[in-house]
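Some notes on the structure that comes next.
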Amino acid sequence: VSWGFEIPEGTRNVYKQMSWGGIKRNVTDALFSDYVRILAKWNCQKCRRNFSKRRQQLHNSHYYGRRAKSVRWSTENCTALCSGCHRYFEENPGEYTRFMKNRLGEERYWKLTVRAKTPINKLTFSEEAIRVWLKNELKKI
């Protein structure tokens, strides 16, 4: 399948429908996951270890889950985390909140929270537009 751009060797996820907790992971999710991890230069944003040689062990962690479509593809909502740090934050949500507030600052954290809790208007939301934007951004990197 041609995506109209090249993703660096070893970074391409499986671009097909997959399901995590009943929510299908689609092409846009896979592109966005690559985008977040490439922006982080394949470093875990908590422990700072590099995963450029073990890329599948670096996850795109959503602070507010993918059900929150208003922030599903927001870099403020997502963090590149190694599998260990991702698991730690899932088991210690208070620590994840402290990490996010430190990363974003109080004001941006609360703005993210409001956005996550605000339903989106399907008439103004375009996943296709997000996918096109992501493809263009990945070309620049």
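The values are calculated or read from the model by the stated rules, or taken from the named source; none is laboratory data. Since this is a predicted model, take the numbers as computed values, not measurements. Neighbour counts are summed over all protein chains in view; Cβ atoms, including those assigned to glycine, are modelled from backbone coordinates with ideal geometry. These accessible areas exclude ligands, DNA and RNA; they are computed on the full protein's heavy atoms, side chains included. Shrake-Rupley method; radii C 1.70, N 1.55, O 1.52, S 1.80 Å.
Annotations for the structure displayed:
- Looking across the stretch 1-51 at every residue that is within 22 Å of VAL71 (Cβ to Cβ) and touching an Asp or Glu at 6+ places or on another chain (Cβ under 7 Å), the one that is modelled with the highest pLDDT is identified as TYR35.
- Test: ARG54 is more than 17 Å from LYS135 (Cα to Cα), open to solvent by 50 Å² or more (accessible area, probe 1.4 Å) and at pLDDT below 95: yes
- Test: residue in the stretch 108-122 that is in contact with a Lys or Arg (Cβ under 6 Å, 6 or more places away or on another chain), assigned to a helix (DSSP H, G or I) and of a type in the set (A, V, I, L, M, F, W, C): no
- Among residues of the stretch 49-62, those that are in a loop (DSSP other than H, G, I, E, B) and farther than 16 Å from TYR35 by Cβ, counted: 3
- First in the stretch 32-51 and on the phi > 0 side of the Ramachandran plot, second anywhere and in a helix (DSSP H, G or I), Cβ under 7 Å, 6 or more apart: TRP42/ARG55
- Qualifying residue in the stretch 119-129 (condition: acidic (Asp, Glu) and surrounded by 13 or more Cβ atoms within 10 Å (Cβ to Cβ)): yes
- So LYS46, is it in a loop (DSSP other than H, G, I, E, B) and either buried (at least 19 other Cβ atoms within 10 Å of the Cβ) or of a type in the set (Gly, Ala, Ser) (or both): yes
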